[in-house]
Each structure stands twice: as structure tokens, then as C-alpha cells.
Amino acid sequence: MIMLAAFAVLASCKQQKAVVNPLLAEWDTPFGIPPFEQVKIEHYMPAYIEAMAQHNAEIESIVNNIEDPSFENTIVAFDNSGDLFERISPVFSSISGIDSNPEVIALAKELSPLTSKHFNEINLNPGLFNRVKAVYEKRDSLGLDAEQMRLLTETYKGFERGGANLPDDKKEELKKINAEISDLQLTFGQNLLAETDAFKLVIDNDANLAGLSESLKASAAKKAEKDSTLKGKWVFGLDNPSIIPFLQQSEKRELRKEILNAYLNRCNNNNKEDNKAIIAKLIDLRLKKAKLMGFENFAQYQLEDRMAKTPEAVYDLLNKLWTPSLASAKRELADMSEIAKSEGQNGALEASDWRFYFEKAMSRKFDLSDAQLRPYFKLENVREGIFYVANKLYGITFTQIENVPLPNPEATAFECKDSDGSHLGILFMDMFARPGAKRGGAWCSGFRSQTYKDGKRVAPLVTIVGNFTRPVGDEPALLSMDEAETYFHEFGHALASLLKNVHYNGVGGMTRDFVELPSQIMEHWAFEPDVLKVYAKHYQTGEVIPQELIDKMVNSGKYGQGFATTEYLAASLLDMDYHILKEIPANFDVLAFEAKVLGDRGLISQIPPRYRSTYFSHTFTGGYTAGYYSYIWAEVLDSDAYQAFVETGDIFNKEVATKFRKEILERSGQDEAMTLYVNFRGKEPGIDPLLKNRGLK
Ligand SMILES: [Zn+2]
């Protein structure tokens, strides 16, 4: 309340006229969509300050309630707190991801310590925790239903994991460790961004462009235009849309080596962006935190509330996959070595040769290339295919809507309705790359989560974002197979948000290693012949993709999985190995550690881990710490779950689809992930479908 008043004074000094901050006003928009275009950068800071003040006031009123702590006045009240915060922060994270600029970056840096301090204080608020604990201790006498019980235990565990049960001196230590960790994680990410952006491979003569496609050359020429000293030359960078096709196509071995070396040594150049010392400090602090919380190592602490539960369970899976994957990668290498030899390439292949010769092996073995397929994967057609699958499975429909606020002028909006015509939510799509403004990769997020308020369903606002190939000239956006698959993947996340049906925010989330089940299962439908025939139509002639091409896709689908699985597993193991350490020696040598753990497992020099330590942002910026394994963990689930459809002889089997919706998508975090899975499948998942899908069996 005091902060609120202080803010009002501040605002009135600064602004002569009463200007309404759109973030703080009622959103009188269709579907309550944020009024994106009215929000200016200067609106965020005052809105965040107001949101934190309101949140604090809500927490205070829970703490100061003179009534005895009850499920309603404590657990539900806490679940409902922070409403304004949850309304405005997705708007800012959206522009940070899709519309970034130096002002946004600076504001993010300013906001990050403020918000982390805010939540740290709530997590360690003793008055609040005492009330939560009081309710938790009498949980069996409260007559709660299963979802309420889950909310109560998850809320209690959340506080416990945040350190609320620690004695005061330890709490202070924890706060310090947390602050240091988040500072180091932020710096790690900033260093990586700086080094990734800084490198340029500049080519100034035609001869060195040998092998490159016209479109790759065109985009490299465009990149050069940004710098007046490079006009008329070609610039290649370390971003995926640039380096990957370069490594696949360039006939200049020395140049491939140069760009890959720069990529592999990001933040390992002993300059001010070097991340080695940061890693050593981070793993040390994380271990200290784990010990403070009563665990032997940080992986144990991280995994305790995930589906995997223990490091042993994770290693068990990764180790089972390692041997067949590496063997399969070695077979791929043998194929490529033979081709290289026949082309007069003497000596062993190196890491920088892999993608180049893999492309050749693909076309020799299967006579299939990216260029043959793209005409059948026009973005709009792929989208129709996705909607078709969703409709066949769940009876839901998507209709494009106009005249609603959009997160970006390039985005489109769709209304999702259930089979009975009732409104389920809004889905935005913002799929094209915008270098310099949009973060790389693809993701799904949202502006409002599904929940219930006063007994009424609150409909979600969901968005998927990609970095897909843009339309060029008269040609529409023609996607690669990878991009088409990613589209299905992100849409799967969106479906999980749209179909979710929970009553409390606190049970609305899936754990890191479960959340990829709804997304990855969608990938299975992407290239099913029956689905391709519906959407994969030539963008000029409308001709349905010929059977011959479908056959080639099916036959080649597993080729390359040896490499892909091995590089992924190597990174997953590296992530785990750092976080099972029980002590960190002084002068910990990051490079030696990395070399040892990968070397001991027999990784071959031609395959670097998908991420080396100094640029492994998944693990060292915090999102996937002891968690990079999650994708393959969830792949065990999605492969097994898809089998449930296949076993019926109908990949759109209504009964299985309904069960998947009711037991998994709708329930989200209402119960333990394995319980939800078994409710759907009738048994725990087996690993065989995954091995088969990846051609490792
Ligand atoms: Zn995903």
C-alpha cells in the first residue's frame, strides 16, 4: 500500500497530463487480448512497480488475516495473487522475444533483479509460509478433492524447495547464493549473445562460394549490406539459418573448418566474454545450494519434483540409448567416408565435414533433397494440415479472425472452438524470422492461462512463434521438413494450453520432462502418408505430393538419427555430469572435465556434443539445468503414446484421442505425470517404440 502511494506521486510529478497507462487500464478488447499496439516501452516500468505493489498488498492481506489459516483464505488466496503481474509480464516477455531492441534489452536487465528479488521475498516470507504450513499439516482433515489436495501439496513443496523451512541464517545464505546464481546465469547468456553476434565469415570472391545455393548466397549478400565496409561481399554468421546450410553446402573445406571452429569455441577465447570461470563458479554455487537444501548434489535437488525423480533414472535412459546411437553414427560415418574417398578426399573426415558429406550420402542413398520437397510445404498448407489433424483427433476447429490486437503486425490470430461450437481460446501465430529483433528457435507461450474465476472458465490466449523461411518475391513461404515438423511441435504445445481444464493456476503446469509429450506427439502425424495427402500440395499446381516422394521420405526418415541422437545425448550427459558432482575442486578445469566425460564414453572426434560447455545455455542460463535430457525422456512417452493410436489400426482413433485429451491435456499438472500417463495408457511407457522410431533397433 505504501509503495502504491509512492508510485502515484512519482507518476504525477513526471507526467503533466493524466495519461492512462494501457497496461494498467481495463482491456476493453475482443477476447480481452492485450492492447499490444497501445503499449509503449515507457509503460512497462511503472506497470511492473504497480503490479509488484499490488502483489505485495495481496500477500500482506493473506498474512494479516485474523482468521485461522484455511484452504480458501490461504492456499486459494495465494493461488489468485499476482493477477496484475500475470497480466502484464507476458506482454513484456513477448516483445523481449519477438520485437527486441537495445531499449528492450536494457529494460529487461533493469527488471530482472527487481522481479527476482520480489519473488524471492514472497518465497521466503515467514508469515506466509507459516500459514501455508498450518493448512498443509491439517490437510487430511479438510475434505479436499484430489485437485485441491494437489494444489495444497504443490504449494507447500514449492515453498519448501524455495528454502522456506530453513533457519534464518541459512535463509540469508540462500538469498545470497540465489542472487549470485541469477547474476552469473544472466552474464553467461549475454556473453554468448555477444560472441555469437560478433563472428563474421566474410567472403569476397566467387570461388569461395562454391557449392552454395542461390538463396543462401542472396541472404549472405543481404547480411553484408548492413555494414557499409562489406558491401558487395557475402557474410555468414553463427546463427543456425546461416551456419547449417553453409556446412552442408560449401565445397571449401578450410572455410567450413573456420566457421565451425568459431561456433565450437564461442565463449572459450580467453577474452572478456569467456564463460569458463562463470561455469566453475555456477556449478560450485549450485552444489552449495543443493547441500543447503539437504541434497548430495544439484541434480538430485533439480530432479526431485520432475517426472524422472532421480539422476539414476535419467542415466539409466541415457546410457541405454548411448551405445546403439553411437554405433549407428559410426555406420553413417563409414558411408560418408566412402563417398569422400571416391571423391579424392584423403585422410579421415573431421567434424566440419560431417554435414557436407551427409547431404551427399542422403542424395546418393535416397535421391532426396530439400529442394524436391519444399514446393509441397507451403506454410499455409502445412497449417491446414495441422488444423486437419487437430480436428480429426479432437473435433476442434480453428478460424482466422481479423480486427483483433496482434502481438506483431506479421502475426495472425485464430479462434479455437470445441466440437460443440463453444469458445476454447485464441491462438496467435508469428512464424517468420526477423533477424535482430526475434530470438532464434521456435516456442509457444501465452498471454493468459486457462483457469476458472468465480466458477466461469477463463479462456486462454496462446501464441506460437517460429523463425521460418520467409516468402521471397512472388514465392510464398516454402518450408523445409524440419520447419514443418517444428510447426506441428509448437502447435502441440498450443493444444495443451487450449485444451487444459484446471481450476487453479498452481496445478496448471507440466514438469520440464513431461511438457514435451503433447508437442512431440504431434510430430508423429506430420509426415504420415494419410496426412501428407491432405495438406502437402504443390504450391503452383495444387498437385498432391506424389507417392514416390512419400516413399523416399519414409525410407530416408531414420537416416542421420545416429548423429542426431549421439550429439544430443552427449550434451545431455555433459549437463548431468556437471550436476552430480559432490565437490568442486579449486581451479576446476571446464575443458578438461568436458573432454574427460565425453572421451570416457567413446565419443568420436567427428561429433561434437550439440552444445559444448561454454555455450550450453540450456544448462548454464538455468532453464534446463540437469534437464536437457527432458526431450528424449518425453520422446519415450510420445513414441509409446503414439503406439496407442497405431495399435488400433487408426492413427485418428477417437477413443484413444479422447483419452489423451481427458487424461493428459486437460489435466496438465493435476497429478503426478506418471499417474496421468498410466491413466491414459493403462501401463508405464516402454523404450522400444523410441528405439524403433529412431532406427536404433
Ligand atoms: Zn517443445
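The values are calculated or read from the model by the stated rules, or taken from the named source; none is laboratory data. Owing to the predicted nature of the structure, the values given are computational and were not obtained by experimental measurement. Cβ atoms come from the backbone with ideal geometry, glycine included; neighbour counts cover every protein chain shown.
For Asn191, state whether it is surrounded by 17 or more Cβ atoms within 10 Å (Cβ to Cβ), in contact (Cβ under 8 Å) with a residue 12 or more places away in the chain and touching a Ser or Thr at 6+ places or on another chain (Cβ under 8 Å).
On the way: surrounded by 17 or more Cβ atoms within 10 Å (Cβ to Cβ): yes; in contact (Cβ under 8 Å) with a residue 12 or more places away in the chain: yes; touching a Ser or Thr at 6+ places or on another chain (Cβ under 8 Å): no.
Criteria not met by Asn191.
Those residues that are in contact with a Pro (Cβ under 7 Å, 6 or more places away or on another chain) and among the aliphatic types (A, V, I, L, M), I need them from the stretch 85-139; list them, please. Once the filter is applied, which keeps residues that are in contact with a Pro (Cβ under 7 Å, 6 or more places away or on another chain) and among the aliphatic types (A, V, I, L, M), the stretch 85-139 yields Val91, Ile98, Ala134, Val135.
A single entry from Leu124, Leu151 fulfils the requirement of being farther than 30 Å from Met429 by Cα and in contact with a Leu (Cβ under 8 Å, 6 or more places away or on another chain): Leu124. Figure legend. Inter-residue proximity from the stretch 430-444: first residues in the same structural domain as Ala484 (by TED's automatic domain parsing) and under 18 Å from Ser480 (Cβ atoms), second residues within 16 Å of the ligand (Cβ to nearest atom) and not in a strand (DSSP E or B), beta-carbon distance below 6 Å, spacing 6+ or different chains. Indicated pairs: Ala442/Thr486; Ala442/Glu490.
Please enumerate the residues belonging to the stretch 445-482 that are within 16 Å of the ligand (Cβ to nearest atom) and touching a residue at least 12 places away in the same chain (Cβ under 8 Å). So that I can check it myself, show each step before the final result.
Filtering the stretch 445-482 down to residues within 16 Å of the ligand (Cβ to nearest atom) leaves 445-446, 462-468, 482.
Once the filter is applied, which keeps residues that are within 16 Å of the ligand (Cβ to nearest atom) and touching a residue at least 12 places away in the same chain (Cβ under 8 Å), the stretch 445-482 yields Ser445, Gly446, Val462, Thr463, Ile464, Val465, Gly466, Asn467, Phe468.
Looking only at residues in the stretch 288-308 that are in a helix (DSSP H, G or I) and over 18 Å from Thr621 (Cβ atoms), the one that is nearest to the chain's Cα centre (by Cα) is Leu303. Among the residues making up the stretch 649-673, a single one is within 29 Å of Ser449 (Cα to Cα) and either touching an Asp or Glu at 6+ places or on another chain (Cβ under 7 Å) or assigned by TED's automatic domain parsing to the domain that holds Val502 (or both): Gln670. Can you find even one residue in the stretch 547-556 that is β-branched (Val, Ile, Thr) and within 26 Å of Lys453 (Cβ to Cβ)? No, there is no match, as no residue in the stretch 547-556 is β-branched (Val, Ile, Thr) and within 26 Å of Lys453 (Cβ to Cβ). Here is the figure for the stretch 414-429: residues that are over 16 Å from Val91 (Cα atoms) and either surrounded by 22 or more Cβ atoms within 10 Å (Cβ to Cβ) or in contact (Cβ under 8 Å) with a residue 12 or more places away in the chain (or both) total 9. For the stretch 410-444, a residue qualifies if it is within 16 Å of the ligand (Cβ to nearest atom) and over 22 Å from Ala477 (Cβ atoms), but none of them does. A count restricted to the stretch 528-543 and to residues that are touching a residue at least 12 places away in the same chain (Cβ under 8 Å) and surrounded by fewer than 20 Cβ atoms within 10 Å (Cβ to Cβ) stands at 8. Residue check: Ala626 meets all listed conditions (1) over 29 Å from Thr310 (Cα atoms); (2) of a type outside the set (S, T, N, Q); (3) not in a helix (DSSP H, G or I) but one, namely (1). Checked against (1) within 11 Å of Ala626 (Cβ to Cβ); (2) at pLDDT below 95, Asp305 meets all criteria but (1).
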